[in-house]
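Asks: I'd like to ask you about the structure that follows.
Just so you know, all these numbers are worked out from the coordinates, no wet-lab data involved. These numbers come from a predicted model, not from an experiment. Cβ placement follows ideal geometry from the backbone for every residue including glycine, while neighbour counts extend to all protein chains displayed.
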Amino acid sequence: MNRCRPNISLDPILWLPMSFIERSRCLRWRQGWLPNNYSAHCLFHPLCTLTKAHAIKCLQMHNRLQLPTTVVDPIAHLLNQLPTRPIKQHVNAPVNWSISWPIVQMLLLEIDYLQHEKIPPTPSETLGQPLLDWLYASTTIIT
């Protein structure tokens, strides 16, 4: 699996604006610690161990992120596409972050809770909002 960014550089997860817990979950996914593959069982499928492969299938990540099933790890795929500098132009952006980023954060929240064998709560705030605010502020539409 390709968990790392395609180029050697400072991972944007380390400096892009996001909450502490959002950054922690992104880093834990990137490092293969979320889920941590110990003996936790999936609450939705009690006979299955909560592995990364099971979480991808169980939480329907491909459908929710609108990615083809040929993408082995949908979250890593999107994390690898995070901007490495402020976006100057919003036209024809490869990823619509206003849609994808909150879903990525929701999936990571769900996995974090499932790993601890708890039902995920409904988020009380908009997930991923600091990054979306930064992207919106740094984007200028060029016509």
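Asks: Kirkwood hydrodynamic radius (Cα pairs, Å) of the range 12-138?
Replies: About 15.2 Å for the range 12-138.
Asks: Give the residue from Y136, P68, H45 lying farthest towards the positive end of the charge dipole for the range 12-138; charges sit on Cβ (+1 for Lys and Arg, -1 for Asp and Glu) and the dipole is referred to the Cα centre.
Replies: Checking the options against the dipole of the range 12-138, the answer is P68.
Asks: So how much slack lies between T49 and H77, counting 0.36 nm per residue of separation and subtracting their Cα-Cα distance, in nm?
Replies: Difference between extended and current length: 7.8 nm.
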